[in-house]
Amino acid sequence: MILVTGGTGYIGSHTVVALLDKGYEVVIIDNLSNSEESVLNGIKKITGKTPAFVKGDVKNQQTLDKLFQDYPKINAIIHFAAFKAVGESVEQPLKYYDNNVNGLIQLLKTMESHSVNKIVFSSSCTVYGQPGILPVDETAPVVKPESPYGNTKKINEEILFDAVKSGKGLKAISLRYFNPIGAHPSALIGELPIGVPNNLLPYITQTAIGIRKELKVFGNNYNTPDGTCIRDYININDLANAHVVALEYLFNQNVEYDVFNLGTGKGSSVLEVISAFEKSCNISLNYSFAPPRNGDVEKVWANPAKAKKILNWKAKISLEDTVLSAWEWENHYRKQLKNN
Ligand code: NAD
Ligand code: UFG
């Protein structure tokens, strides 16, 4: 049985679907600080299965102890639970260090006391900062990220590395995500940003549906072909599947600690994403240029060769299909809200 922390969140819910589809039993712990319990209905409709669900905080030792006692079949963990708003982390760094770092520490302590020794951790390409060489591979230097949020990822990777090296049998994988976007093809689960979205895709779909007046493109004078920033946008279902293969790698191979980039290998500019959206969804998007956003790196995209070679995983779904899935989810979600 797999324990998925943060399993009602965006990436967690898609990964739970991928796990259930593969026949794994799943228990989720989530404190619903950034997600809704109704996500479980979507998971059930898609898979025909209901994962066990515990509403609780991963920082709470009693909650975790009880969970491991109640579900003694747990033999591995995928750890998504964290706060992720980059801007908020600059304003409230302690909130981020407390939740993201203490959450992992509590989890590792509880794993040790219940003899569970496998963990897959959600890291981020933010640990590379602005890489000198692109595409960036896992041997590139890890720098101190711009934001406290990013720094929690760097620190957590170091904690995992040290905990593995202490020789108590822990096996861990850090997955460095590039930019996950899109939704499940059923449109029954997707990204649910609370308040004004920080990320590009939810801002695009909310503008297209009329909730936001216009998209501001942050910066058009970067040293890139069209002047806008470049990222590696990866489909959420491709990303979810990577967690299943990473888990199987921990189960089946003699690995102690490893890190993998999860990206497509292709960079897309903000204007290219807008144009893919307009073409796939047959919509003209209202946007204008605005000054650059503080802390944005100019360009980053992955060299995903290591994940292909070792995990036999690669991203398959195109940007066009992915932005369409985000649009279908936005429409489905708004319709649902109206009907309730
Ligand atoms: P999300 O906010 O949708 O999901 C995180 C879930 O964790 C939420 O459901 C939230 O309620 C829960 N949670 C937070 N703190 C908790 C705690 N202390 N105890 C229990 N539950 C808690 O975010 P997401 O986009 O699904 O991201 C999942 C993970 O991937 C995070 O660790 C995030 O930092 C990392 N990540 C995300 C991105 C991205 O662009 N979405 C990129 C790189 C890394
Ligand atoms: N952008 C806009 N307008 C918007 C929102 C974004 O132009 O309204 C631009 C940004 O300037 C950037 C690109 O779109 O050039 C992507 O921005 P996102 O906010 O969607 O993504 P980021 O690359 O900034 O950050 C994401 C996650 C972080 C994570 C990072 C690296 O939000 O959690 O990827 O993994 F750390």
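The values are calculated or read from the model by the stated rules, or taken from the named source; none is laboratory data. Values in this document were obtained by computation on a predicted structure and should not be read as measured data. Note: ideal-geometry Cβ built from the backbone for every residue, glycine included; neighbour counts use all protein chains shown. What goes into the accessible areas is simple: the full protein's heavy atoms, side chains included, and nothing from ligands, DNA or RNA. Shrake-Rupley method; radii C 1.70, N 1.55, O 1.52, S 1.80 Å.
Per residue, the convex hull around the alpha carbon atoms of region 150-226 comes to 193 Å³.
Taken over region 6-68, the convex hull of the Cα atoms encloses 70 Å³ per residue.
Within the shell of other residues whose beta carbon sits under 11 angstrom from the beta carbon of residue 313, the net charge comes to +3, with Lys and Arg scored +1 and Asp and Glu -1. In terms of its Cα atoms, the chain spans 54, 50, 39 Å along the principal axes, sorted from long to short. Rg over Rh for region 88-153 works out to 1.07, using Cα positions for both radii and the Kirkwood form for Rh. At full extension, residue 55 and residue 256 could sit 69.3 nm farther apart than now, given 0.36 nm per residue minus the alpha carbon distance. In the chain, the calculated helix contribution to ellipticity at 222 nm averages -11500 deg cm²/dmol per residue, counting -39,500 (n - 2.57) for every DSSP H run with n ≥ 4. GNM remark for the chain: springs join alpha carbons under 10 Å apart, and the peak mean-square fluctuation among 189, 43, 133 falls on 133.
What's the extension gain from residue 279 to residue 33 if we count 0.36 nm per residue and subtract their Cα-Cα distance? Could you put the intermediate results ahead of the total?
Working: separation 246, 0.36 × 246 = 88.56 nm, distance 3.51 nm.
So the extension gain works out to 85.0 nm.
For region 91-249, the equivalent ellipsoid derived from the alpha-carbon gyration tensor has semi-axes of 31, 20, 17 Å in decreasing order. Our coupling estimate for region 236-242, obtained by passing each phi through the Karplus curve with A = 6.51, B = -1.76, C = 1.60 and θ = phi - 60°, is 4, 6, 4, 4, 4, 4, 4 Hz, Gly and Pro reported as x.
Spin-label pair residue 70-residue 115: with each label point 7 Å from Cα along the Cα-Cβ axis, the two points sit 2.3 nm from one another. Across region 229-302, counting alpha-carbon atoms alone, Rg and Dmax equal 17.1, 52 Å.
Counting only protein heavy atoms and using a 1.4 Å probe, the accessible area of residue 139 comes to about 120 Å².
Remark on region 1-116: ratio of C-alpha radius of gyration to 2.2 N^0.38 Å is 1.05. Using Cβ point charges alone (K and R +1, D and E -1), the dipole size of the chain about the Cα centre works out to roughly 340 debye. The reciprocal of the average 1/r between distinct C-alpha atoms defines the Kirkwood hydrodynamic radius, which for region 267-316 equals 14.0 Å.
Each residue of region 106-116 is assigned a 3J(HN,Hα), and the resulting list reads 4, 4, 5, 5, 5, 4, 4, 6, 10, 6, 10 Hz, derived from the Karplus form 6.51 cos²θ - 1.76 cosθ + 1.60 (θ = phi - 60°), x at Gly and Pro. Here the simple spin-label model places points 7 Å from the Cα toward Cβ, and for residue 286 and residue 334 these points are separated by 1.2 nm. On the principal axes of its alpha carbon atoms, region 194-340 extends 53, 46, 26 Å, with the longest extent given first. Straight-distance candidates among the lysines for linking to residue 338, with alpha-carbon spacing under 23 Å and chain neighbours fewer than 8 residues away dropped: 44, 45, 213.
Distance between the 7 Å Cα→Cβ label points at residue 294 and residue 221: 1.9 nm.
Take every DSSP beta bridge with both residues inside the chain and express the antiparallel ones as a percent of the total, to the nearest 5. Roughly 5 percent of the DSSP beta bridges within the chain come out antiparallel.
Computed with a 1.4 Å probe on the full set of protein chains, the accessible area for residue 232 sits at about 0 Å².
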